[in-house]
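Structure, as structure tokens:
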Amino acid sequence: MVWCFFAPLFASEWNAEIMPLKDVQPGMSGIGKTVFYGEEIEDFGVQVVDIIKDFYPKTDIILVRLTGAKAEKTGVVSGMSGSPVYIDGKLVGALSLRFGQFMKEPIGGVMPIEHMFKLVSSENVRQIETGLSGGNIMSYLQSALIKPEENFWVKQFKTVPETNSTFPSLKNIHAPLVFSGFNEEIISPYQDVFETMGFKVMAGGGQSSQTDVPKDFQPGSAVSQVFISGDYTIEATGTVTAVNDHRILAFGHQIFNLGPVNFPMSHAKILVTLPSLMGSSKMAVATDIVGTFRQDRLAGVLGDLSVLPEMVPVSLDINSPIDGKNNYSFKMASDRSLNNLMPFFLRIALIQGLTTARLSSSNNSLYLNGTIHFSDGRKLNFKDFFSSYQNLGFFAPGNDVTAVGDLVAGLMGVLMVNNFKAPEVTKVDLSVQNVPGEHVAGISSIQLDKVEVSPGDSLTLTIRLKDSFENRKNIVEKIKLPQKISAKKLTLIVSCSETLTQYEVQASRYRFVPKNFRHLLEILSRRRQSNNIYIQLRARETGLAINDDELVGLPPSIMNVMNSESIQGEENVMNDRVLYETNISTEYMLRGAKKMSVNIKQPAKAVVPSFDEETPKETFFW
């Protein structure tokens, strides 16, 4: 009843006569519209097989058979999602589902148009929802401060809902997710992950010429949701179902089912349609960004040409004594609903840029300097040094270009997935200096000129480094001890950045749990560099860390009181603390750590004189 009342209004607004689902009968024939090549919209035949009741709760699907020469050759093609279906010239809905591989007949499912029009109602009462606000901030923080754990990037996608339908065989038509300008080796390890998200992964060519960009959308036009745009492009392509003066309906099924979104929308050019028994697919390339996808729901997506999307520009400058200077620039979509996915897209774009600039797989080292800009004027500056310490090839974990991508993407992940009241990222500037050859060294041994000292004394520390070619280097450092030391023994730690940070995260995790966005930036700004040797003197002293204050040497009774639930604040038990820390910059990416004990000379005990002694002995207090 409600649909019958509003149908004429929707038909008027969307310039289409509507056939409601109740009037669709098995055996009816009609046509569908889509683009198989270029921008030309072509017709294909459609015959209604049956109506599947409650395919989704309170949502019926029209089962159809595609007819015609091209449909018989290609079947239901990835990229046809949203293709409008007409019976007797009336819009019935959008082709949105297909059966699996090796089908002898091109059978598909049509999302009724009345369900798609619900997206318009949702947009008219639009409320910003958090959607996928992000993944685990601590896992991203570990990636940024140390390195990603095994299969880290694959694990992040577990927060993205899979798009498997409730019907055992009939599923959403996979949207071609085209990586234009990328090596296949970069994206192939993640193909299965993207397919569970509803995409057909394809490595495309470069950007298409924009001299023949269509002026406007028509039912059946190709349309793309853009993730990365510029020198490299990542976009998912579907088909436009209906158009009014500034809005479009497309896809006929969800992309991520996130509700309100703000993703870049562009025209698309179909380069070729590839027939395959494994599932035919269109290869597309996004052209000009013309608007924003505003709704992403079960029945499709809604785009608005009157709203331009927010995007984050990224600049990558690369300087090499062999390959010269190169610059790559692109923009990434800015939408909190998919903050856990965008850092990964940024990562592979950076890896591709560094790989393209190098043109060879020989061992290299990279100095990285970067700045992340925020909408409130703040900046996060960071730098590091990476080197190929094994003959791993371009894309293996531990390679220098992969490490750069991991660091920048990890930092962006921390800044995007946190739930703090945070400013938006507005720009990312990266500068990379390429140094030919491997520059990796391990801390092979350390030596002190003495192992027993008094407070205030100086120590001479000799650090021995050994690189992969068995070359050795000694570094000498003077260490001045504090004037007051209550501990009887100190631990000297000489370490690379990775090992020391791992130890501190385990020993003093509370220092790495951000309390707010300002504190998060402080943690990130203290990130250690892999070409520095870090030297610490630690004393084993029990105490409490309350908020930002460290209290040591507390009697057990005070510890019990301070650690009780009645004390307000965040308190953590301390087992040791750092008395001294410094770092030494080197030309190597360092590995390993060494430690040794330093004994502290204890002052002579004071002697209390007896009353019957004539001359009291000298006393000493320290």
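The values are calculated or read from the model by the stated rules, or taken from the named source; none is laboratory data. From a predicted model like this one, the values you see are computed outputs, not experimental measurements. Here the Cβ is made from the backbone with ideal geometry for all residues, glycine too, and neighbour counts use every protein chain on show. Heads up: the accessible areas ignore ligands, DNA and RNA and are worked out on the full protein's heavy atoms, side chains in. Shrake-Rupley method; radii C 1.70, N 1.55, O 1.52, S 1.80 Å.
Which of the residues belonging to region 177-197 are touching a strand residue (DSSP E or B) at 6+ places or on another chain (Cβ under 7 Å) and surrounded by fewer than 14 Cβ atoms within 10 Å (Cβ to Cβ)?
Hit for region 177-197 is E184, nothing else.
Within region 94-111, track down each residue that is under 35 Å from the mean Cα position of the chain (by Cα) and either modelled with pLDDT of 90 or more or surrounded by fewer than 23 Cβ atoms within 10 Å (Cβ to Cβ) (or both). Give the steps one after another, and end with the answer.
If we filter region 94-111 for residues that are under 35 Å from the mean Cα position of the chain (by Cα), which is where we start, we get 94-102, 108-111.
Passing the criteria: A94, L95, S96, L97, F99, G100, Q101, F102, G108, G109, V110, M111.
Take D288 and decide whether it is out of contact with any Lys or Arg (no Cβ under 7 Å at 6 or more places or on another chain) and crowded, with 21+ Cβ neighbours inside 10 Å. So that I can check it myself, show each step before the final result.
Numbers: out of contact with any Lys or Arg (no Cβ under 7 Å at 6 or more places or on another chain): yes; crowded, with 21+ Cβ neighbours inside 10 Å: no.
It is false that D288 is out of contact with any Lys or Arg (no Cβ under 7 Å at 6 or more places or on another chain) and crowded, with 21+ Cβ neighbours inside 10 Å.
Do you know which residues across region 512-530 are farther than 17 Å from V408 by Cα and either open to solvent by less than 60 Å² (accessible area, probe 1.4 Å) or not in a helix (DSSP H, G or I) (or both)?
Residues of region 512-530 farther than 17 Å from V408 by Cα: 512-519.
Selection gives F512, V513, P514, K515, N516, F517, H519.
For region 432-454, state whether one or more residues are more than 25 Å from V578 (Cβ to Cβ), under 41 Å from the mean Cα position of the chain (by Cα), open to solvent by less than 40 Å² (accessible area, probe 1.4 Å) and modelled with pLDDT of 95 or more.
yes
Out of region 492-506, which residues are closer than 19 Å to T460 by Cα and among the aliphatic types (A, V, I, L, M)? Break it down stepwise before answering.
First pass over region 492-506, keeping only residues closer than 19 Å to T460 by Cα: 492-495.
Of everything in region 492-506, those that are closer than 19 Å to T460 by Cα and among the aliphatic types (A, V, I, L, M) turn out to be L492, I493, V494.
Which members of region 484-511 meet the condition of being part of a strand (DSSP E or B) and either exposed (fewer than 15 other Cβ atoms within 10 Å of the Cβ) or of a type in the set (A, V, I, L, M, F, W, C) (or both)? Lay out the reasoning, then the answer.
From region 484-511, those part of a strand (DSSP E or B) are 489-495; that's our starting set.
Scanning region 484-511 gives K489, L490, L492, I493, V494.
Is there any pair linking a residue in region 499-519 that is over 17 Å from Q536 (Cβ atoms) to one that is assigned to a helix (DSSP H, G or I) and not hydroxyl-bearing (S, T, Y), with Cβ under 7 Å and at least six apart or on different chains, and which?
From region 499-519, the pairs are P514/L520; P514/I523.
Listed here are the residues, each with its yes/no results for (1) within 30 Å of H519 (Cα to Cα); (2) among the polar types (S, T, N, Q); (3) in contact (Cβ under 8 Å) with a residue 12 or more places away in the chain; (4) open to solvent by 10 Å² or more (accessible area, probe 1.4 Å).
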| position | (1), (2), (3), (4) |
| --- | --- |
| L305 | no, no, yes, yes |
| S315 | yes, yes, yes, yes |
| P321 | no, no, yes, yes |
| Y328 | no, no, yes, yes |
| L350 | yes, no, yes, no |
| S375 | yes, yes, yes, yes |
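Look through L465, L481, L461 and report the one residue that is surrounded by 16 or more Cβ atoms within 10 Å (Cβ to Cβ), farther than 30 Å from S387 by Cβ and not basic (K, R).
It is L481.
Residue by residue, here is whether (1) at pLDDT 95 or above; (2) under 21 Å from A333 (Cα atoms); (3) among the charged types (D, E, K, R); (4) in a loop (DSSP other than H, G, I, E, B) holds:
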position	(1), (2), (3), (4)
Q207	no, yes, no, yes
T211	no, no, no, no
K215	no, no, yes, yes
I234	no, yes, no, no
T241	yes, no, no, no
I255	no, yes, no, yes
P260	no, yes, no, no
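Tell me the strands (runs of 3 or more DSSP E) entirely within region 1-77 that contain at least 3 residues that are acidic (D, E) and either within 16 Å of F117 (Cβ to Cβ) or at pLDDT 85 or above (or both).
The strands (runs of 3 or more DSSP E) meeting that bar are 40-56.
Give region 276-318 a look and list any residue that's part of a loop (DSSP other than H, G, I, E, B) and of a type in the set (A, V, I, L, M, F, W, C), or say none.
Residues of region 276-318 that are part of a loop (DSSP other than H, G, I, E, B), as a first pass: 276-280, 298-299, 305-310.
Across region 276-318, the qualifying residues are L277, M278, L298, A299, L305, V307, L308.
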